[in-house]
Amino acid sequence: MIALLLRDLKLAFRAGSGFGLGLAFFLIVTVLVPFSVGPQSSLLSTIAPGVLWLGALLACLLSLDRLLALDWEDGSLDLLATAPLPLESVVTIKALAHWLTTGLPLVLAAPFLGVLLNLPVPGFSWLVISLLLGTPAMSVIGTFGAALTVGLKRGGLLLSLLVLPLYVPTLIFGAEVARRGATGMETQTPLLMLAGITAATVALLPFASAAVLRINLR
Amino acid sequence: MTIAAKANALWEYANPRKFLATSERVLPFFWIGAGLCLVVGLIWGFFFTPDDYKQGSTVKIIYLHVPAALMAINCWIMMLATSLVWLVRRHHVSALAARAAAPIGIVMTLIALATGAIWGQPMWGTWWAWDPRLTSFLILFLFYLGYVALWEAIEDPDTAADLTSVLCLVGSVFAFLSRYAVNFWNQGLHQGASVMRAGAITGTDTEEKVSNIYFYPLLLCIIGFVLLFIALVFYRTGTEIRARRTKALMARERVNG
């Protein structure tokens with residue numbers, strides 16, 4: 001399992017593009033927002049939590065089609081499926097590798113981009129906490145979407161269409177935590193809901209992803 | 001007949017031939033029933049009920065809006081049930097019925113959204129509001145789109161049936177979650193359930209209930225929509241079965257040269 005994780009991480013680092021792509025996209029989206037809505041700092045600080053969450057979500061989405069497609073193309077996915085490791089853990093490791101290479105950098109970059117959007121000071125910690133809790137769910141849900149569309153030639157668009165509705169609850173509760181934190185309201189309810197969604201998806205969705213992958217590898 | 005025997009009798013319709021024969025025999029009754037209920041219900045509702053004292057004649061859009069919204073949700077539940085049957089018992093008719101129902105669900109969702117917008121413009125002063133019910137319907141619409149797109153994208157029919165079934169199961173959980181997430185996120189404009197409520201039927205609860213003059217034609221329209229939905233699903237499933245059969249025949253012809 002650890003070997004597989006290290007292999008995926010190595011591939012992500014050495015291939016380069018996959019690693020930086022999400023971050024670059026996140027940066028560009030955040031920088032472009034003030035150009036589209038205007039530079040008033042009061043407006044920016046109101047929308048900052050939502051924009052940062054949306055940017056992170058889209059950046060996450062952007063890297064999903066590479067999650068399993070490369071392994072599918074060179075046949076290593078077939079080898080992994082016949083390996084003694086159960087497919088459920090393969091899928092979980094894949095999601096974990098995706099989170100480490102995409103989700104975690106986004107979480108770390110978010111506070112710096114928050115400065116650009118004039119995020120209120122109490123919002124910073126809540127933004128990081130909510131993203132830290134929410135991005136694993138996004139990686140796991142994304143892995144499910146990638147497993148559904150892995151055999152398709154033009155799966156990219158379909159992948160977004162399938163995954164975006166699944167992201168709705170995570171986005172609502174995550175952005176709500178960041179928004180409430182930024183305006184100084186209590187954050188407990190949405191925070192618990194977000195944590196619940198993440199825990200449930202991490203625990204259950206790998207089984208669905210593995211089932212789907214088995215069908216696709218049949 | 002015992003319950004077990006009855007349950008066994010239901011599985012007979014997993015045989016496509018038996019399904020086609022029976023559905024074709026009962027289909028005319030469903031068409032006629034749906035047509036009668038809808039024509040009578042809509043004419044009664046549109047022309048022979050008084051205008052509401054506050055909403056004027058716009059209240060009458062209820063005869064399309066409520067049944068369509070009801071069927072949009074029930075259609076997804078039907079797809080969930082047939083997907084489960086396909087995953088557990090591998091009956092092709094079941095998978096094809098789910099496939100046949102999805103576009104009907106899309107149309108029902110669209111009717112509910114469109115009639116709601118047309119009613120909302122004069123009543124709420126806006127075509128669209130990010131109200132929980134409206135938003136959940138929009139999300140449901142996206143789920144339907146993804147489901148149909150996945151069916152269309154995969155060539156092998158059994159793989160497509162498997163993948164869409166799993167998507168339907170996972171999607172149901174997330175659709176349910178979204179419903180509550182959206183409720184939490186915004187308290188809305190849309191009125192609560194007001195057609196059928198336990199208290200409303202027993203008469204203990206008189207506030208905010210659709211009054212009887214509107215209720216009977218509405219009930220007729222709902223029955224009409226249900227019958228129409230059943231007829232459409234039977235009809236479209238029959239078409240899917242025939243399309244599958246044609247494909248098999250053509251493949252056989254190619255092999256035999």
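The values are calculated or read from the model by the stated rules, or taken from the named source; none is laboratory data. What you see is a predicted model, and the numbers here were worked out from it, not measured in a lab. Backbone-built Cβ (ideal geometry, glycine too); neighbour counts: all protein chains shown.
Checked against the criteria, A:Thr198 does not count as facing chain B (nearest Cβ under 9 Å), crowded, with 18+ Cβ neighbours inside 10 Å, touching a Gly at 6+ places or on another chain (Cβ under 7 Å) and closer than 19 Å to A:Cys60 by Cβ.
When only residues in region B:126-140 that are closer than 13 Å to B:Met108 by Cα and more than 9 Å from every other protein chain (Cβ to nearest Cβ) count, which is farthest from the chain's Cα centre (by Cα)? Selected residue: B:Leu138. Condition (residue is among the aliphatic types (A, V, I, L, M), surrounded by fewer than 22 Cβ atoms within 10 Å (Cβ to Cβ) and over 16 Å from the mean Cα position of the chain (by Cα)) applied to region B:64-81: is it met by at least one residue? No: region B:64-81 contains no residue that is among the aliphatic types (A, V, I, L, M), surrounded by fewer than 22 Cβ atoms within 10 Å (Cβ to Cβ) and over 16 Å from the mean Cα position of the chain (by Cα). Residue selection: B:Ala243 fails the criterion of being over 30 Å from A:Ala195 (Cβ atoms) and modelled with pLDDT under 90. I'd like the residue in region B:1-34 that is at pLDDT below 85 and of a type in the set (Val, Ile, Thr) and, out of all such residues, is nearest to B:Met71 (Cα to Cα). Checked region B:1-34; the qualifying residue nearest to B:Met71 (Cα to Cα) is B:Ile3.
Of the residues that make up region A:122-130, is at least one modelled with pLDDT under 90 and part of a loop (DSSP other than H, G, I, E, B)? Checked against the condition, which is being modelled with pLDDT under 90 and part of a loop (DSSP other than H, G, I, E, B), region A:122-130 yields at least one hit.
Return the residues of region A:179-195 that are of a type in the set (A, V, I, L, M, F, W, C), more than 13 Å from chain B (Cβ to nearest Cβ) and in contact with a Ser or Thr (Cβ under 8 Å, 6 or more places away or on another chain); say none if nothing qualifies. If the condition is that a residue be of a type in the set (A, V, I, L, M, F, W, C), more than 13 Å from chain B (Cβ to nearest Cβ) and in contact with a Ser or Thr (Cβ under 8 Å, 6 or more places away or on another chain), then A:Ala182 is the only one that fits. With the structure loaded, tell me whether A:Thr187 is within 17 Å of A:Ala56 (Cβ to Cβ), of a type in the set (Ser, Thr, Tyr) and surrounded by 14 or more Cβ atoms within 10 Å (Cβ to Cβ) or whether it fails that test. No; evaluated as a whole, the condition is false for this residue. Please specify each residue of region B:151-189 satisfying the condition of being modelled with pLDDT of 90 or more, farther than 16 Å from A:Val150 by Cα and surrounded by fewer than 19 Cβ atoms within 10 Å (Cβ to Cβ). Within region B:151-189, B:Leu169, B:Ser172, B:Val173 meet the criteria. For region A:181-206, filtering for residues that are without any contact (Cβ under 8 Å) to a residue 60 or more places away in the chain, among the polar types (S, T, N, Q) and not in a helix (DSSP H, G or I) leaves 0.
Scan region A:149-177 and report the pairs whose first residue is more than 9 Å from chain B (Cβ to nearest Cβ) and whose second residue is hydroxyl-bearing (Ser, Thr, Tyr), with Cβ atoms within less than 6 Å and a gap of 6+ or a chain change. Every condition considered, the pairs that remain are A:Leu159/A:Thr149; A:Gly174/A:Ser130; A:Val177/A:Ser130; A:Val177/A:Thr187.
Here are some residues: B:Leu169, B:Leu142. Which one is closer than 24 Å to A:Pro169 by Cα, out of contact with any Lys or Arg (no Cβ under 8 Å at 6 or more places or on another chain), without any contact (Cβ under 8 Å) to a residue 12 or more places away in the chain and not hydroxyl-bearing (Ser, Thr, Tyr)?
Exactly one residue qualifies, and that residue is B:Leu142.
All of (1) among the β-branched types (Val, Ile, Thr); (2) within 14 Å of chain A (Cβ to nearest Cβ); (3) surrounded by fewer than 23 Cβ atoms within 10 Å (Cβ to Cβ) hold for B:Ile111 with one exception: (2).
Annotation: of all residues in region A:135-180 being among the charged types (D, E, K, R) and part of a helix (DSSP H, G or I), the one that is surrounded by the most Cβ atoms within 10 Å (Cβ to Cβ) is A:Glu176. Of the residues making up region A:175-207, those that are in contact with a Leu (Cβ under 6 Å, 6 or more places away or on another chain) and polar (S, T, N, Q) number 1. Taking the criterion of being touching a residue at least 12 places away in the same chain (Cβ under 8 Å), β-branched (Val, Ile, Thr) and under 26 Å from B:Asn183 (Cβ atoms), the residues of region B:84-133 that qualify are B:Ile106, B:Thr109, B:Ile111, B:Thr115, B:Ile118.
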